[in-house]
Amino acid sequence: MENPYEKEKIQCVLCKHNITVDYKNVRLLSQFQSPCTGRIYGRHITGLCKQQQELVQSEISKAQSAGLMAYYLKEPVFLQDPELFNVEKPIRPHRF
Ligand SMILES: [Zn+2]
């Protein structure tokens, strides 16, 4: 029988599919943005590794200053996109 408590090999979605985030790929970046506030989800929600999370954040601000992405909301066209992670189930519980 397999050990149910065995840890899964930790690899974030971006590393797993070997995706490089780019500020021009607004659709992908929007996946890390909250639909309500436009804020970028933290690492405990996105499950990204540190490098990828920092990259996502810098690419998002690049896209925002280039006018490709909104600051306070998510593009309505992207709202139906499949989610890369479950917002309701953060890896690490948060304070609120
Ligand atoms: Zn990673």
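The table below gives the values:
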{"item": "Exclusive hit being exposed (fewer than 13 other Cβ atoms within 10 Å of the Cβ), at pLDDT 90 or above and within 16 Å of the ligand (Cβ to nearest atom), set Thr20, Thr46", "result": "Thr20"}
{"item": "Residue check for Glu54: over 16 Å from Leu84 (Cα atoms), within 16 Å of the ligand (Cβ to nearest atom) and crowded, with 18+ Cβ neighbours inside 10 Å", "result": "no"}
{"item": "Any hit, the range 60-76, residues being surrounded by 12 or more Cβ atoms within 10 Å (Cβ to Cβ), outside any loop (DSSP other than H, G, I, E, B) and within 16 Å of the ligand (Cβ to nearest atom)", "result": "no"}
{"item": "Residue match in the range 28-35 (condition: open to solvent by 100 Å² or more (accessible area, probe 1.4 Å) and either in a loop (DSSP other than H, G, I, E, B) or at pLDDT 85 or above (or both))", "result": "no"}
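The values are calculated or read from the model by the stated rules, or taken from the named source; none is laboratory data. The model shown is predicted, which means the values in this text are computed figures rather than measured ones. As a convention, Cβ positions derive from the backbone with ideal geometry for all residues, glycine included, and neighbour counts pool all protein chains shown. Areas reflect the complete protein model, heavy atoms only, side chains present, ligands, DNA and RNA absent. Shrake-Rupley method; radii C 1.70, N 1.55, O 1.52, S 1.80 Å.
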